[in-house]
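Worksheet for the structure shown next.
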Amino acid sequence: MASTVASLVRTDSDPSLVYASGVATIEEIDALVGPATPHFAYQIRARVEELVLGLPADHPVRRYADEKMALLDRLGHASSKAEEGGREPRSRPGWREIPSTAPADRPLPGPR
């Protein structure tokens, strides 16, 4: 797989991302989302959104990007993607006092 960073460029006249290939790919989206952490979830989400802005809603890459943007939204309220490995049981003493333990697939509730 070619380097995603090398395939994206910015121009002085247009600050949006431009693709060498002309169309975003699932692999490029995965390269951005794969190493995401809660701290950078919203910045990465904005880049993914920018990558697929010109694609129609029914385009497979756009649909995939929408799924990944939803994951990044959840990750922004979580402590990890927690895609692998075991999880601590929520019954563990003190769990409710540690809000940063929420994984992206079960984030904490928003502000009340």
Residue-wise HN-Hα coupling along the range 27-39, computed from phi with Karplus coefficients 6.51, -1.76, 1.60 (Hz; x: Gly, Pro): 4, 5, 5, 4, 5, 7, 7, x, x, 4, 10, x, 4
Using θ = phi - 60° and Karplus 6.51 cos²θ - 1.76 cosθ + 1.60, couplings along the range 53-63 (whole Hz; Gly, Pro as x): 3, x, 8, x, 4, 8, 5, x, 5, 5, 4
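Quick note: the coordinates plus some simple rules give every number you see, no bench work behind them. Computed from a predicted structure; not experimentally measured.
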